[in-house]
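Every number in this text was worked out from the coordinates using simple rules, so none of it is lab data. Fair warning: this is a prediction, and the values are worked out from it, not measured in the lab. When we count neighbours, we look across all protein chains shown, and the Cβ atoms used for this are built from the backbone with ideal geometry, even at glycine.
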Amino acid sequence: MSAPARPAPRLAVAMALVGIAATGCDANGLALLQNYDDGELLPPDVQDLDGDDGPGLQPVDEFEPFIGELGPIDNSSSDRGGATATFTGTGGPVCVAVDPQTVWRDDRDLQGNSDPAWENHLYDDGDLDLVVGLAADYTGTPGLVMGSFETVYVDGLGVERRADLNLCHQPDRYGFAGGTAGRATPEWCTIDTYEGVTYLVALLTFSVPLDDNRLRFALALLEGSCDDLGTVDECTLRGDADPHDGLDDVGGDLEARLCDPPEEE
């Protein structure tokens, strides 16, 4: 008796698919995307913070940071997410500072000292890039599309030139202007303003925490120079720690553990 013939390739594939369906296997990969709707409503990826409860200018010696939360962008889009806020120039210096969730290095013991026994929890950290400029030079639409302060003009010889009108100049690790800080690290700058002129602050989303797809941040717009704050660090703007992280397994509130370590017994 001859051996039974093998099923044709197409028939074999169809039989395999039927088998997968019969076992109830879910091959839907959407759940791997950051903006996947799993029933929990995520905050918008682009926000306009202006309004009665917006940041607003505050005295540099006494302020409460504005606390916001951003969601991830649509994975099929090449657009950037973020938030914008405007303020009116005072004719003097204005300090703009933002601290994205949560802390850059959270491998601290209960006294705030670096301890290799603590694991650096990366999945609750996010990154925002800070740019500031004249509202008239902003290329985006607040609340709809994030933009920049980059423009192109034609010089007297007819040559196109690129110009970046961002006024928030931050030094990189080598001291050159134009740097941006890394994950969960505060960014800040002081700009000289014209009285009565409208300025716009843009927080551009670089990365969103992987643990819950929510990027919490603390933002302050201050009348005065950032130098008046002294050293700007993780503890200057409080409130960017995620209150619904559920990080009991890594030590609870990481920001509080770093900034308010308990005294040694």
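At 7 Å along Cα-to-Cβ for each site, give me the label-to-label distance between residue 155 and residue 79 in nm.
3.5
Once you list every other residue whose beta carbon is under 9 Å from the beta carbon of residue 206, what net charge do they have if Lys and Arg are +1 and Asp and Glu are -1?
Values: positive: 80, 183; negative: 127, 129.
Net charge around residue 206: 0.
Sorted by average packing, counted as other Cβ atoms within 10 angstrom per residue and highest first, what order do 197-208, 43-54 take? Present the calculation step by step, with values, prior to reporting the outcome.
Working: 197-208: 20.7, 43-54: 14.8.
My ranking of the peptides, most packed first, is 197-208, 43-54.
Farthest toward the dipole's positive end in the stretch 43-259, which of 222, 121, 145, given Cβ charges of +1 (Lys, Arg) and -1 (Asp, Glu) about the Cα centre?
145
Can you give me the distance in nm between label points at residue 135 and residue 104, each placed 7 Å from the Cα along the Cα-to-Cβ direction?
According to this spin-label approximation, the distance is 3.3 nm.
Using the 10 angstrom Cβ neighbour count as an exposure proxy, how do 180, 84 rank, fewest first?
Going from least to most buried by this count: 180, 84.
Stretch residue 162-residue 211 to full length: gain in nm at 0.36 nm per residue minus the Cα-Cα span? Working shown, then result.
Working: separation 49, 0.36 × 49 = 17.64 nm, distance 3.86 nm.
Stretched out fully, the residue 162 to residue 211 stretch lengthens by 13.8 nm.
Can you work out ³J(HN,Hα) from phi for every residue in the stretch 177-190, in order, using Karplus 6.51 cos²θ - 1.76 cosθ + 1.60 and θ = phi - 60°, giving whole Hz and x for Gly and Pro?
5, x, x, 10, 6, x, 4, 6, 9, x, 10, 7, 6, 10
For all pairs of alpha-carbon atoms in the stretch 43-259, what percent lies in each bin of width 5 Å, listed from the first bin to the last filled one?
Histogramming the stretch 43-259 at 5 Å steps yields 1, 7, 14, 19, 19, 16, 11, 7, 4, 2, 1, 0, 0 percent.
What is the set of long-range amide H partners of residue 216 at a cut-off below 5 Å, with H atoms built 1.01 Å from backbone N?
70, 101
Where nothing but the Cβ of Lys and Arg (+1) and of Asp and Glu (-1) is charged, how large is the charge dipole of the stretch 43-259 around its Cα centre, in debye to the nearest 20?
That gives the stretch 43-259 a dipole magnitude of about 680 debye.
If you take the charge dipole of the stretch 43-259 about its Cα centre, with +1 on Lys and Arg Cβ and -1 on Asp and Glu Cβ, which of 231, 60, 174 is farthest toward its positive end?
Working it through, the farthest residue towards the positive pole turns out to be 174.
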